[in-house]
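In what follows, a structure is listed as structure tokens, so that the remarks can point back to it.
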């Protein structure tokens, strides 16, 4: 169970952790209640995944003795929605992975800019220039055809999350000077201190649609949970492991959101690292956040990269192990990375990209699709109250996705930052 909890927490706690103080800036303290609701719903649907995996499939999914055994998210999609529905969900996965590739470019560029602009050579660099520098830094690892070695660094994500939590808390408790670009002296509206907090608001109801998209990002791991469950020795402990994992992740999210909002109030930036000052400990925290995307970018882009490579080789009639396949791989990966760079150069907003991914992909994967799968797979055994409840969840997932996406775009266009 301990290993399952570690793996699940590592899946949940990703880049969304950077934006939770900004979530409270948008919503006020009512955002805490919203995050708790999102956590509860996502935890419940994660446990539904395990329940559905124990139901024998009426559809042949593969060859061999496990032909009718549901083993993963895609199997659930095939059983519930057919092959066409499964294909649509695969495209959703690919869109999400490409979106995260864009996010890692933004994180790297923003935080490199924060660290390096104090040096004369980088003082006049634009955000786009730092994004391009991030692209150059990412490419050597992204060109590797065997990304298996990078998977050994997956625990770096959990370490980065823990470092960020400790770094923000330590800065707030010590009252270290915040970034004066966002918190100018004499620090009355933005103190940088938990002991002497900044002014905050109770609720900003007009920003709630934006909050649900940003907030949902940290509660989705549903595409990976079936694999984690398959690796358990005692699968009866799956629900317990999920409950503990969500409790830990939610506790960390609320902790950093509360600390960041108290420290910076209405000056909270989309990435909390941008608010941190120049103290050595704060700088170390930012460097850890800068290092983390070095492996995350190639790993997150791998599914779409491999898919495009296979398609290109098929069109060209080339053998995947032939000498020209390496050239095709390098070209495809370079083009994909350039496409991501073009997008983040045109829209260099962490909050916008996170909000859109959270609303469209995270709501779909964590709320809409698991509830829809359950309605289809258990249609003959559900009572009418249960059927009504999961139908409502499907509807809420769709509404949340649409409103969250539109609100994120509207907020970006109105520059309500």
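Is it true that some residue in region 153-161 is under 30 Å from residue 61 (Cβ atoms) and at pLDDT below 90? Before you say what the answer is, go through the steps one by one.
So the first thing to find is which residues in region 153-161 are under 30 Å from residue 61 (Cβ atoms), and the list is 154.
Filter again for at pLDDT below 90, leaving 154.
Within region 153-161, one or more residues are under 30 Å from residue 61 (Cβ atoms) and at pLDDT below 90.
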> Regarding residue 235, is this residue surrounded by fewer than 17 Cβ atoms within 10 Å (Cβ to Cβ) and out of contact with any strand residue (DSSP E or B) (no Cβ under 6 Å at 6 or more places or on another chain)?
Replying inline: yes
> If you check every pair at least six apart or on different chains, which have Cβ atoms under 7 Å apart with a residue in region 162-176 that is closer than 19 Å to residue 12 by Cα first and a residue that is surrounded by fewer than 17 Cβ atoms within 10 Å (Cβ to Cβ) second?
Replying inline: 165/255
> How many residues are surrounded by 15 or more Cβ atoms within 10 Å (Cβ to Cβ) and either under 22 Å from residue 13 (Cβ atoms) or at pLDDT below 90 (or both) if we restrict to region 116-126?
Replying inline: 2
> Residues in region 20-38 that are over 27 Å from residue 76 (Cβ atoms), assigned to a helix (DSSP H, G or I) and in contact (Cβ under 8 Å) with a residue 40 or more places away in the chain: how many?
Replying inline: 12
>> Going through 59, 41 one at a time, which residue ends up being part of a helix (DSSP H, G or I) and over 19 Å from residue 289 (Cα atoms)?
In response: 41
>> Looking at region 57-67, can you tell me whether even one residue there is loosely packed, with under 15 Cβ neighbours inside 10 Å and either in contact with a helix residue (DSSP H, G or I) (Cβ under 7 Å, 6 or more places away or on another chain) or under 26 Å from residue 9 (Cα atoms) (or both)?
In response: yes
> Checking residue 88 against (1) free of Cβ contacts under 8 Å to residues at least 24 places away in the same chain; (2) closer than 30 Å to residue 331 by Cα; (3) in contact with a helix residue (DSSP H, G or I) (Cβ under 7 Å, 6 or more places away or on another chain); (4) surrounded by fewer than 17 Cβ atoms within 10 Å (Cβ to Cβ), which single condition isn't satisfied?
Replying inline: (3)
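Can you report the number of residues in region 102-149 which are outside any helix (DSSP H, G or I), under 12 Å from residue 298 (Cβ atoms) and in contact (Cβ under 8 Å) with a residue 60 or more places away in the chain? Full working, then the answer.
At the first step, the residues of region 102-149 found to be outside any helix (DSSP H, G or I) are 117-119, 123-126, 143-147.
Within this subset, residues satisfying the condition of being under 12 Å from residue 298 (Cβ atoms) are 143-147.
Right, trim to in contact (Cβ under 8 Å) with a residue 60 or more places away in the chain and you get 143-145, 147.
So the answer is 4.
From the list 284, 294, which residue is surrounded by fewer than 23 Cβ atoms within 10 Å (Cβ to Cβ), at pLDDT below 90 and either in contact with a helix residue (DSSP H, G or I) (Cβ under 6 Å, 6 or more places away or on another chain) or under 25 Å from residue 140 (Cβ atoms) (or both)? Spell out the reasoning first.
Details: 284 fails: at pLDDT below 90.
Just a single option satisfies the conditions, and that option is 294.
So which of 259, 337 is under 22 Å from the mean Cα position of the chain (by Cα) and under 17 Å from residue 135 (Cα atoms)?
On the way: 259 fails: under 17 Å from residue 135 (Cα atoms).
The conditions single out 337.
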> Would you say residue 82 is farther than 30 Å from residue 284 by Cα and free of Cβ contacts under 8 Å to residues at least 12 places away in the same chain?
Replying inline: yes
>> I need the helices (runs of 4 or more DSSP H) fully contained in region 193-302, keeping only those with at least 3 residues that are closer than 26 Å to residue 403 by Cα and touching a residue at least 12 places away in the same chain (Cβ under 8 Å).
In response: 208-216, 238-264
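The values are calculated or read from the model by the stated rules, or taken from the named source; none is laboratory data. Being a predicted model, the structure only gives us computed values, none of them experimental. Please note: Cβ atoms are built from the backbone with ideal geometry, for glycine as well, and neighbour counts cover all protein chains shown.
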